[in-house]
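Data first, discussion second: the structure below is written as structure tokens.
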Amino acid sequence: EMLEITDFDDSGTRKFLPGLQDANVSLDYDWDDTDTAQDAIRAAKSGRTTVYVQYLPDASNGWKVECYIESLSHSASVDGKASTSVTFRPTGAVAEV
């Protein structure tokens, strides 16, 4: 979020500073009863505990952040596949991995 810090003596030029950082991480996937990672997400939501979310664009290097599960929903589609949507809310700083 950018915060405006314009002084009226700045001859008509607006000035800004970066404020607090915020992020949302969303994930949609097919439901799989045998996937233990999905069990961990459900347990974190019901237990109000955190999980780490990683983004590794080259499969080795990227970022991670500790998150709470903000929302978790399941739905069944017409073709018989169940799908899940999860929104994670970070509770700390993003770190490089």
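If you scan segment 3-40, which residues turn out to be more than 24 Å from Val86 (Cβ to Cβ) and touching a Lys or Arg at 6+ places or on another chain (Cβ under 7 Å)? First the steps, then the outcome.
Pass one, segment 3-40, residues more than 24 Å from Val86 (Cβ to Cβ): 3-19.
Correct list: Glu4, Ile5, Thr6.
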Exercise. So which of Val51, Val94 is of a type outside the set (Lys, Arg) and in contact with a helix residue (DSSP H, G or I) (Cβ under 9 Å, 6 or more places away or on another chain)?
Worked result: Val51
Exercise. When the residues of segment 13-39 are filtered to those that are open to solvent by 80 Å² or more (accessible area, probe 1.4 Å) and part of a loop (DSSP other than H, G, I, E, B), which remaining residue is nearest to Tyr52 (Cα to Cα)?
Worked result: Asn24
For this session: Can you confirm whether segment 76-92 contains a residue that is of a type in the set (Phe, Trp, Tyr), in contact with a strand residue (DSSP E or B) (Cβ under 8 Å, 6 or more places away or on another chain) and open to solvent by 40 Å² or more (accessible area, probe 1.4 Å)?
Result: no
Seminar exercise, completed: Contact list, first residue from segment 69-80 and closer than 11 Å to Ala44 by Cα and free of Cβ contacts under 8 Å to residues at least 40 places away in the same chain, second anywhere and assigned to a strand (DSSP E or B) and open to solvent by 70 Å² or more (accessible area, probe 1.4 Å), beta-carbon distance below 8 Å, six or more apart or interchain, is Ile69/Arg89
Seminar exercise, completed: Among the residues of segment 40-66, the number that are open to solvent by less than 70 Å² (accessible area, probe 1.4 Å) and part of a helix (DSSP H, G or I) is 5
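How many residues are surrounded by 10 or more Cβ atoms within 10 Å (Cβ to Cβ) and either touching a Gly at 6+ places or on another chain (Cβ under 8 Å) or not polar (S, T, N, Q) (or both) when one looks only at segment 3-12?
So the first thing to find is which residues in segment 3-12 are surrounded by 10 or more Cβ atoms within 10 Å (Cβ to Cβ), and the list is 3, 5-6, 10.
Of the ones still in play, those that are also either touching a Gly at 6+ places or on another chain (Cβ under 8 Å) or not polar (S, T, N, Q) (or both) are 3, 5, 10.
Number satisfying all stated conditions: 3.
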Problem set entry | Residue check, Asp32 in contact with a helix residue (DSSP H, G or I) (Cβ under 9 Å, 6 or more places away or on another chain) and without any contact (Cβ under 8 Å) to a residue 12 or more places away in the chain | yes
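The values are calculated or read from the model by the stated rules, or taken from the named source; none is laboratory data. What you see is a predicted model, and the numbers here were worked out from it, not measured in a lab. Reconstructed Cβ throughout: ideal geometry from the backbone, glycine too, with neighbour counts over all protein chains shown. For accessibility, only protein heavy atoms count, side chains too; no ligands or nucleic acids. Shrake-Rupley method; radii C 1.70, N 1.55, O 1.52, S 1.80 Å.
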